[in-house]
1. Determine the share of the chain's accessible area contributed by carbon and sulfur atoms, expressed in whole percent, with a 1.4 angstrom probe.
2. At 222 nm, what helix-only mean residue ellipticity would the chain give, in deg cm²/dmol to the nearest 500, using -39500 (n - 2.57) for each DSSP H run of four or more?
3. Rounded, prolate or oblate for the stretch 61-128? Axes are the square roots of the Cα gyration tensor eigenvalues, ordered a ≥ b ≥ c, and the cut-off for rounded is a/c under 1.5.
4. If amide H atoms are built 1.01 Å from N in the plane of the peptide, which residues on other chains or at least 5 residues away come under 5 Å of the amide H of Leu51?
5. Indicate, rounded to the nearest 5 percent, the antiparallel portion of the DSSP beta bridges found entirely in the chain.
6. How large is the dipole of the chain about the Cα centre if only Lys and Arg carry +1 and Asp and Glu carry -1, each at its Cβ, rounded to the nearest 20 debye?
7. For the full complex of protein chains and a 1.4 angstrom probe, list Trp106, Trp44 by accessible area with the highest value first.
8. Classify the stretch 1-90 as rounded, prolate or oblate from the Cα gyration tensor: take a ≥ b ≥ c as the square roots of its eigenvalues, call it rounded if a/c is under 1.5, otherwise prolate when a/b beats b/c and oblate if not.
Amino acid sequence: MDALHPRLLVTDFPRSFAFYEAVLPRLAGANLARGGAGGPYASWDVDGQGLLSLFDRRGMAAIAGDIGGGGAAMLVCRVDDVDEGARLCAEHGAVLVAAPTDRPQWGPGLRTAHLRDPDGVLIELQSY
């Protein structure tokens, strides 16, 4: 289970993909788990656990709004219940920027919500 892992929001997906696909296997023993050079998404795992994922910056901006110049990374957290997770985060000061939504175009059974923590860091809650 991918409990929590970084996702880099990149402007040149093919270039970033080529870099990480070249270095992550040797540096961290990671294998490409999903996606490919065409984007908009790719992820690498080590022993079945998420290590790093890439997502096209424009695609995330279309979902979560203006991600600003500092929004080059986000936290992704797999949860049992996206709706409950979003409520919990909001109760503790997070701002909901994209309500819980089914996203079958991103993957079978995928549901996400996007929030900003009190310091503005973008967080994706996901279940699948």
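The values are calculated or read from the model by the stated rules, or taken from the named source; none is laboratory data. Keep in mind that this is a model prediction, so the values were computed, not measured. As a convention, Cβ positions derive from the backbone with ideal geometry for all residues, glycine included, and neighbour counts pool all protein chains shown. For the accessible areas, the whole protein counts, side chains as well, though only heavy atoms, and no ligand, DNA or RNA atoms are used. Shrake-Rupley method; radii C 1.70, N 1.55, O 1.52, S 1.80 Å.
1. Roughly 57 percent, rounded to a whole number.
2. Details: 3 runs with 34 residues, N = 128.
Counting only the DSSP helices, I get -8000 deg cm²/dmol.
3. Details: a/c = 2.01, a/b = 1.23, b/c = 1.63.
Note, shape of the stretch 61-128 comes out oblate.
4. Trp44, Asp45, Val46
5. On the way: 26 of 34 bridges.
Counting only bridges with both partners in the chain, antiparallel ones make up about 75 percent.
6. Values: 11 positive and 16 negative charges, 87 e Å.
About 420 debye.
7. Details: Trp106 80, Trp44 0 Å².
Per-residue accessible area, sorted high to low, gives Trp106, Trp44.
8. Numbers: a/c = 2.32, a/b = 1.24, b/c = 1.87.
Oblate, since a/c reaches 1.5 and b/c is not below a/b.
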